[in-house]
Amino acid sequence: MILIDCPYCGPRNSTEFRHAGEAGKKRDVTTNDPAVWRRYLYQQDNPLGWVRENWFHTAGCRQFLCAERNTQTNEFRWVAPAGSPGPDGASDNGSAR
Amino acid sequence: MSHAESVASIKEPGGAQARRRRSRGPARYSALDIFRRGVTNSDWPRSFRQHDLAKSYDVVIIGAGVHGLACAYYLAANHGITNVAVLDKSYMGGGGSGRNTAIIRSNYLTPEGVRFYDRSVVLYQNLAADLNYNVMFSQRGHLTLAHTDASLRTMNWRAEVNKLQGINSSVIDAAEVGRIVKYLDVSDRPRYPILGALYHPPGGIIRHDAVNWGYARAADHLGVQIHQQTEVLGIETAGGKVTGVRTNRGAISAPIVVNCTAGWATTISDMVDVKMPLITHPLQAAVTEPVKVFLPTVIVSGSLHVYVSQTDRGELVFGASVDPYPSYSMRGSLEFTESVASHILELIPSIGSLKVLRQWAGLCDMTPDYSPIMGVTPVDGFLVDVGWGTYGFKAGPVSGEAMAALIATGRVPEIISAFDLARFADGRLVGEKGAASVGH
């Protein structure tokens, strides 16, 4: 059983949450090129190791959260309200892409 | 140098790679041989050899699962290309090829998918004779249950596409389902009663380890080298084309490198900056203690998110949908066991006292359209056979055959032309989600 420490509700079972994709994915609004749009739609980093991602607390406070999780061990090391600057102070606004 | 030229350079050196007669190898398995070794009490030779890593190969295949091994076997058997290395960071068949639920079928949704997976069924039918290895393929029939009008509609759709491609599939009603599988609850009792099913008689189960070992043994006899515990750390390129790989056992030069991994497909492709539209999800499975054989077919319920078959040893093998978040973890979870158990008891209430022996997970690289990614990439000589999602094992033989043909001829075979990487940028998706056993 994996616990996610919701900043609003406290630690809850991961089955209460829905994974909402990698954080920081932003559509380039300055172009209407279909290839760019499809890359936004289909392309993920899918990293092995630590990843910054969004979760939605479906069966709890129904708030979006951002979190850092290790995709190899499923360990969570940081959970915060959506849009928070990361533990390293970096924002999630499209820095990876 | 284009891919076709890379291919041409393989076959040149002095006719050494000339098409050779298929050798059956020294240890042909037969009933007579079992008897002879039984009475003389002599040992069987090893199924495949261990080698030192050579400095160069014509083709390097990353991943010694059913896809990599089949590709190597068909390269040697069909095209006479034997200077091939199959590398695996762990042991042979230890990934998805040894973790799947061993179900074979071709009742897919798209014409491209149906044609492709049916070729795999045909190859599986002849595999035991081709490889001289008992793969225990049992075409016992495959039932996909429908519990809602919407799923019944999809079953009809799939049945019609299947019939058009010459595949034996039809929709049957609940009473007929009850006649085929005696222990299934086809009454009105369950919350979601069974309304009908897509019946696919050629579907069945196979012994997945035997398929891996059979391909490995046959490929080894033809001269292919299989290197276990050999992890690829990097892929070398020069001027946009592949020149070799770096491994934990040293460097290898090779003009063609094939990514046949599942789970690590993005990790390998990232080494040459080829971005794959994949998300890796674990898919769990479980097996019960063995009981007397009572389940005649494979049973799938999309609405209840469960599929089950009974092995020849009598164990029930369960699978369900992929874990709901991306992960590379291959651990089981209690949530999975609880959900599978509650769902299967809706279907077969009489197995309530069976104990679960083991559970495990394998990694599935999910593509946006549930079809695989096969063929060439923007990097010359770097080929991919990835993105299998939950369909990988079924497709092993046909993928190996098609990838071998691509490597040997430099032309993409028609049967996989719809599955190219460029389709995502071009918007030509092959939507196969409707053929998934369960709603992932």
Using amide H atoms built in the peptide plane, which far-off residues or other-chain residues are under 5 Å from A:Gln63 H to H?
A:His57
Ignoring everything except DSSP H segments at least 4 long, calculate the 222 nm mean residue ellipticity for chain A; use -39,500 (n - 2.57) per segment, divide by total residues, nearest 500.
-2500 deg cm²/dmol
To the nearest 0.05, what FRET efficiency results for A:Gln72 and A:Asp45 with a Förster distance of 22 Å applied to their C-beta separation?
0.95
If you count, for every residue in B:320-330, the Cβ atoms of partner chains within 10 Å of its Cβ, what is the mean?
5
For the range B:399-430, which trypsin sites (Lys or Arg not before Pro) pass both filters: DSSP loop (anything but H, G, I, E, B) and at most 15 other C-beta atoms within 10 Å?
B:Arg411, B:Arg428
Report relative contact order for the range A:3-81 in percent, whole number only (criteria: Cα-Cα under 8 Å, sequence separation at least 6).
31 percent
Do any GluC sites (Glu not before Pro) in the range B:250-338 lie in a DSSP loop with no more than 11 other beta carbon atoms within 10 Å, and if so, which?
none
Could you tell me the calculated FRET efficiency between A:Arg18 and B:Arg191, based on Cβ-Cβ distance and R0 = 30 angstrom, to the nearest 0.05?
0.80
Check B:Gly244: other-chain or 5+ apart residues with amide H under 5 Å from its amide H, H built from backbone geometry?
B:Glu236, B:Ala254
Antiparallel DSSP bridges in the protein assembly as shown: what percent, to the nearest 5?
75 percent
Using amide H atoms built 1.01 Å from N in the peptide plane, name the residues 5+ places from A:Trp78, or on other chains, whose amide H lies under 5 Å from its own.
A:Glu68
If the cut-off is 18 Å between C-alpha atoms, which lysines fall inside it for A:Lys25, apart from same-chain ones fewer than 8 positions away?
B:Lys275
Under Karplus coefficients 6.51, -1.76 and 1.60, residue-wise ³J(HN,Hα) of the range B:234-245 in Hz, glycine/proline x
x, 10, 8, 10, 8, x, x, 10, 6, 10, x, 10
For the range B:275-291, Karplus-derived ³J(HN,Hα) couplings (6.51, -1.76, 1.60; θ = phi - 60°; whole Hz; x for glycine and proline) come out as 7, 10, x, 10, 10, 8, 10, x, 10, 9, 8, 8, 9, 9, 5, x, 9
Assuming R0 = 51 Å, what is the FRET efficiency of B:Ile172 and A:Ala80, from their Cβ-Cβ distance, to the nearest 0.05?
0.45
Give me the lysines in straight-line cross-link reach of B:Lys355: C-alpha distance below 29 Å, same-chain residues under 8 apart excluded.
B:Lys182, B:Lys292, B:Lys394
Counting each DSSP H run of 4 or more residues in chain B as -39500 (n - 2.57), what helix-only mean residue ellipticity at 222 nm follows after dividing by all residues, to the nearest 500 deg cm²/dmol?
-9000 deg cm²/dmol
Give the shape of the protein assembly as shown as rounded, prolate or oblate, defined through the alpha-carbon gyration tensor: a ≥ b ≥ c are the square roots of its eigenvalues, a/c under 1.5 means rounded, and otherwise the shape is prolate if a/b is larger than b/c and oblate if not.
oblate
Please report how far the C-alpha centroid of the range B:385-414 lies from that of the range B:43-120, rounded to the nearest whole angstrom.
10 Å
What are the ³J(HN,Hα) values, in whole Hz, obtained from phi via the Karplus relation 6.51 cos²θ - 1.76 cosθ + 1.60 with θ = phi - 60°, for each residue of the range B:134-143 in sequence order, with x given for Gly and Pro?
6, 8, 6, 6, 10, 7, 9, x, 9, 10
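Laboratory data are not the source of any read-out in this text; all were calculated from the coordinates shown. Values in this document were obtained by computation on a predicted structure and should not be read as measured data. With ideal geometry, Cβ positions are generated from the backbone for all residues, glycine too; neighbour counts draw on all protein chains shown.
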